[in-house]
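What follows is calculated from the coordinates using simple rules that are stated; it is not laboratory data. Everything quoted here is computed from the prediction, not taken from an experiment. Every residue, glycine among them, receives a Cβ derived from its backbone with ideal geometry; neighbour counts consider all protein chains shown.
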Amino acid sequence: MPAAVSDARAASLPAQAPRITIDRLLLPLALLGTLAAQARTLTFYFFQDDYVPFGEIAKNGTWEYLWRLVLARDLTPNWRVVPGVMYLASYKLFGMTPLPMHIAMLLLHLGTVALIYRIAVRSTGHAWAAFAAAVVFGVHPAYAGALGQVAVVPHIAAAFFLAATLNAVFDCARAKRASSARAWWAAAIALYILALMSNESMAIIFPVFGLAFVLFGEEPEGRIRRAAFRVLPFAVIGFVAALAVKTCDCTEASSVYSLDHAPRVFLIYAGRLLYPIGLEPPFYIDAPHLYAAIVLLAVASAMLARGPAIGRIGAVWMALAIIPHIFVEDHTANRFTYLATPGFAMLAAGCAIVLEPQLRRANTRAPALAGAALLAMIAPWYAMQTHLQNEPWRRTTSDWQHLHDELQRVYPDVPPGARVEVIGGRLTHPLDDFFVMPALGWTIWSPEVTLQTFAEDDPYAVKIRANNNPYAAEFQHGTLVPWKNPP
């Protein structure tokens, strides 16, 4: 009787709000930390190759631009369909204002942070390990500069869609009903296609999804056969995408591909993931990155052999995502580590899960204390390095903004057929005169106007000073001064 009275009294009380645990705050904290570290890129201007797709839009018009985009006949190392549509929407809606594109890039980045957290926490049940993975990816300085350059959208969009694909693969593997499994399988395939439409080099990633189908599947009977069947469309789509790019030879990157430095470049990028300071050219590797790469590959091998599923998937993702970028023979770039960083982050989550039982044996509170202390040290250091390594990109984008503003100020209107020639300033690299400077001129005036820049000591600068071009000017103490008054 007393128990019945107690139950009745409890039923009559108002329902209490669910208690907010620290686990529910981890994802918002990861997103806020990422936003705090990366928000500065919203102030960046355009940078070099950023102008090329906008120049093509101005030159070709909307429909021809889209048609060339779909057929991979656009200029540059293949701007891909999804980024190309983003460029077009930004140009048509906002003109040459970079902020909307930077907002879109940051939102995609934050979305990938959330998706990495989701797959880690749902596949392991360890919220702190998922938090570590999300923070590591969100603020990692290895890809510093990527979020500040509009032309890096192919990498950022591809990472988002690949992370979404992995989440859909997980839900497919864990689905209780066949209809749900088929729906998630179809969603995963569609998301993978969007990833390849963002960056076709990620055709190499499909083994990750095959491994995920095997590791996440709960029914042991027929798991391998079922995983092979489910990953088959990913393999076919990946091979077709890779074959199409190779056959059409429609990406300029193919002209700089070589096997000469590939093993060394792989170690450079792997080493930078673990020690994100410095970046060597393909011709040599410094000791810190060499040793860091050896350590990272040893950890990844051990994780692949005996680690939890999230760590194994991360190890394979990381290695595969590095490979497409190691064949560029003439330069390395921070952005080439962006697509490998989600794998590195999931590998870090796997390491946290492996170490937790060892620490718990000593003290039940040891894992939480050790994890909090490690994150308290690494996250601020990552954020500081992201800030410091973003600074050169910010300064360079300021140079491009200064050139753009000075050109508009001195020559507000330039007639078709005119040639604008600029001497001096900070942006006089000869290679820019092939595609970048013309594209800048098209976005400022029209596709019928040619823009070129020359260094002060360039032999052609003497001829420019001596000719009668009314659209020739020279930078003097940071100000663009025309040689003649334009008509």
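Data overview
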| quantity | calculated |
| --- | --- |
| Cleavage-rule hits (trypsin sites (Lys or Arg not before Pro)) in the range 173-236: DSSP loop, at most 15 neighbouring Cβ within 10 angstrom | K176, R177 |
| 5 angstrom amide H check on N199, placed H, neighbours 5+ away | none |
| Signed unit charges on C-beta, dipole axis of the chain, positive-most listed residue A345, Q385, Q48 | A345 |
| Table column - 3J(HN,Hα) (Hz), the range 38-55, Karplus curve with 6.51, -1.76, 1.60, x for Gly and Pro | 10, 4, 4, 5, 5, 8, 6, 9, 6, 9, 6, 4, 4, 6, 4, x, 5, x |
| Nearest-20 debye value, the chain charge dipole, Cβ charges on Lys, Arg, Asp, Glu | 2260 |
| Long-range amide H partners of A472 with built H, under 5 Å | E421, W483, K484 |
| Peptides 434-442, 308-316 ordered by average Cβ neighbours within 10 Å, highest first | 308-316, 434-442 |
| Cβ-placed point charges (K, R +1; D, E -1), dipole of the range 106-245 about Cα centre in debye, nearest 20 | 380 |
| Fewest-first ranking of T428, T397, T479, using other Cβ atoms within 10 Å as the exposure measure | T479, T428, T397 |
| Per-residue ³J(HN,Hα) for the range 284-296, Karplus 6.51 cos²θ - 1.76 cosθ + 1.60, θ = phi - 60°, Hz, x for Gly and Pro | 7, 9, 6, 4, x, 6, 5, 5, 5, 5, 4, 5, 4 |
| Among F216, A418, A58 the positive-end extreme of the charge dipole of the chain (Cβ point charges) | F216 |
| Fraction of antiparallel bridges per DSSP, the range 411-482 only, in percent to nearest 5 | 35 |
| Integer Hz, Karplus 6.51/-1.76/1.60 couplings in order for the range 165-170, x for Gly and Pro | 4, 4, 5, 5, 4, 4 |
| Per-residue Cβ neighbour rank within 10 angstrom, fewest leading, I103, I423, I189 | I103, I189, I423 |
| Over the chain, volume per residue of the alpha carbon convex hull, in Å³ | 205 |
| The range 411-482: radius of gyration and largest Cα-Cα distance (Dmax), Å | 11.5, 30 |
| Relative exposure of M86, M384, judged by other C-beta atoms within 10 Å (fewest first) | M384, M86 |
| The chain: calculated mean residue ellipticity at 222 nm from DSSP helix runs of at least 4, using -39500 (n - 2.57) | -21500 deg cm²/dmol |
| Relative contact order of the chain, defined on C-alpha pairs under 8 angstrom at six or more residues apart (%) | 17 |
